[in-house]
Every structure is written in C-alpha cells, then in structure tokens.
Amino acid sequence: MIVGVHRDVVSWAAECRSPQPAATNLSRDAVVRAHQVMQRHRACRVGSCREKSAAFDLLVSLGRIVPDSHRTFQG
C-alpha cells in the first residue's frame, strides 16, 4: 500500500472513532475518502482488510451503506 494513502485512511478512521456524533464530527473529505477506499479495495473482504473495514463501518454509521441482513461481514 502507498504510505500516503495509509495516512489518509488512519486520519479519517481516527475521526470516525471520536466520541462526538459522527454526522457532526466528520468532514465531507473524510466521507469522500471512505467511499474511495471502498472502491479501491473492492476485491478485499470486510473483516479481512483493515482499510475496507474502517471505511465500511464509517459509511454504515452514517447510513450511506445498509448492510445485507442475510450476510455477516467477517473475515
């Protein structure tokens, strides 16, 4: 993985874990980066890929992704 991309993932993942409500705490750029990570890691599985898992969790918490109720998202 490119180091610069990993730093971006870490920065928005840290924003996601803040105790404040996600909708008010996250910048628009963080959400855009989460969508980009999901696209770049489309071949990865949620649960097996740290970056995709963080992006998935963020987007679910914001209501941008609705998980399939018939699937479990584990490695």
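The values are calculated or read from the model by the stated rules, or taken from the named source; none is laboratory data. Just so we're clear, the structure is a prediction, and the values are computed from it rather than from any experiment. Cβ: placed from backbone, ideal geometry, glycine included. Neighbour counts: every protein chain shown.
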Only one of (1) out of contact with any Ser or Thr (no Cβ under 9 Å at 6 or more places or on another chain); (2) part of a helix (DSSP H, G or I); (3) modelled with pLDDT of 85 or more is not met by I65, so which one is it?
(2)
Please go through segment 48-62 and give me each residue that is modelled with pLDDT of 90 or more and not in a helix (DSSP H, G or I), ordered by number.
S48, C49
Members of segment 7-47 found to be assigned to a loop (DSSP other than H, G, I, E, B), charged (D, E, K, R), at pLDDT 90 or above and within 15 Å of L59 (Cβ to Cβ), listed by number:
R42
